[in-house]
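In what follows, a structure is listed as structure tokens, so that the remarks can point back to it.
The values are calculated or read from the model by the stated rules, or taken from the named source; none is laboratory data. Since we're looking at a predicted model, the values are computed, not measured. Using ideal geometry, Cβ is built from the backbone for each residue, glycine included, and neighbour counts are taken over all protein chains shown.
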Amino acid sequence: MHQGNQTTISEFLLLGLSNQPEEQKLLFVLFLGTYLVTVVGNGLIILAIGLDSYLHTPMYVFLANLSFADISSISTSVPKMLMNIHTKSQSISYESCITQMYFVIMFVAIDNFLLGVMAYDRFVAICYPLNYKTIMQPRICIFLTVIPWVFSNIVALTHTLLLLRLIFCDSHTLPYFFCDLALLLKLSCSDTMINELVLFIVGLLVIIIPFALILFSYIYIVRAVLRISSTEGKWKAFSTCGSHLTVVLFFYGTIIGIYFFPSSAHRDDRDKIAAVMFTVVTPMMNPFIYSLKNKDMKGALRKLISRKIFLLLMP
Ligand SMILES: *[C@@H]1O[C@H](CO)[C@@H](O)[C@H](O)[C@H]1NC(C)=O
């Protein structure tokens, strides 16, 4: 694993969110519930979109990809945490830790990029409605879903390769429930200057590129909507963005709320809240936002569920 004179370590300890047995029980139930809701909710969305040919449009294909990324995202951290609480163990092997970190970075980045792609899709739908089908042809859609995966893997790979150079000495406890890059950097006894610089620059790009895409798309969308004369037309055009806009506001609202508002919370607590929000809460929210605010999605889900009940009743 590591060559060098220093002691090398083969595992890390994940302290989790609490060391009180009572609190741990509560966290176990809470995170298990969140995990099941996320997997079932997003799974239903993927099924509903896959089975309903009415929803075979770019917007829903992107949404299905987002749901898939959300299921994967929460599956990288929560099951291991539940397992560790259950077995009263805190250890995670060096290899598992690095692998977990890779996937956490990758899926959070994918979520970001997909939200950007979905904004572009709404921009084309509202600003160029007549050319929508020609612009968003299947080839382009596949390209637009592959790009986030490629970029996110490059980002995760960069961080991981840079991390593999580092040496870890005696301290190997992470006060967290998953292996987080920033914390691993703090723990290392090598010089992490380059890693931190790359983390800062790449992190900024991962946030700013999709954010710029979203911002410009919505500036043009609002301008186009304002030009529609009838109130009903305005509302109809804008309502197709409602779900996406809610997800975006929730996502960036969380970032702003946690990082930009001076709060009394200690910095470590703030980072913990951020980690829980992005790896656990946001993946859970998307299905609710899309299925509660979107008529087509609601219809498809209802169809899916009634079909399931039908199949159960008449084998
Ligand atoms: C993601 O997008 C691709 C290409 O647009 C599509 O073929 C695929 O079915 C989507 N994935 C899911 C889980 O729906």
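Some notes on this structure:
- Taking residues in the stretch 220-245 that are free of Cβ contacts under 8 Å to residues at least 24 places away in the same chain and of a type in the set (S, T, N, Q), and partners anywhere that are assigned to a helix (DSSP H, G or I) and surrounded by 15 or more Cβ atoms within 10 Å (Cβ to Cβ), the pairs with Cβ atoms closer than 9 Å and at least 6 places apart or on different chains are SER239/LYS293.
- Residue match in the stretch 46-61 (condition: within 18 Å of VAL104 (Cα to Cα) and within 14 Å of the ligand (Cβ to nearest atom)): no
Let's see how each residue does on (1) in a loop (DSSP other than H, G, I, E, B); (2) within 24 Å of the chain's Cα centre (by Cα); (3) farther than 30 Å from ASP170 by Cβ; (4) not acidic (Asp, Glu):
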position	(1), (2), (3), (4)
GLN24	no, no, no, yes
LEU47	no, yes, yes, yes
LEU63	no, yes, yes, yes
ASN84	no, yes, no, yes
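- Matching residues in the stretch 66-107 - criterion: being more than 16 Å from the ligand (Cβ to nearest atom), at pLDDT 90 or above and β-branched (Val, Ile, Thr): THR76, VAL78, ILE92, ILE98, THR99, VAL104, ILE105
- Selection from the stretch 185-228 of residues that are part of a loop (DSSP other than H, G, I, E, B) and closer than 26 Å to TYR120 by Cβ: ILE228
- ALA182, sole failed condition from (1) small (Gly, Ala, Ser); (2) surrounded by fewer than 18 Cβ atoms within 10 Å (Cβ to Cβ); (3) in a helix (DSSP H, G or I); (4) free of Cβ contacts under 8 Å to residues at least 60 places away in the same chain: (4)
- Unique match (being under 20 Å from the mean Cα position of the chain (by Cα), closer than 20 Å to THR38 by Cα and modelled with pLDDT of 85 or more) among VAL247, VAL276: VAL247
- Considering residues of the stretch 133-175 that are surrounded by 15 or more Cβ atoms within 10 Å (Cβ to Cβ), part of a loop (DSSP other than H, G, I, E, B) and in contact (Cβ under 8 Å) with a residue 60 or more places away in the chain only, the residue nearest to the ligand (Cβ to nearest atom): MET136
- Residue within the stretch 99-115 that is hydroxyl-bearing (Ser, Thr, Tyr) and more than 28 Å from LEU163 (Cβ to Cβ) present: no
- Selection status of GLY33, farther than 27 Å from GLY203 by Cβ and under 17 Å from the mean Cα position of the chain (by Cα): no
- Residue check, LYS80 in a helix (DSSP H, G or I), farther than 24 Å from VAL104 by Cα and of a type in the set (Lys, Arg): no
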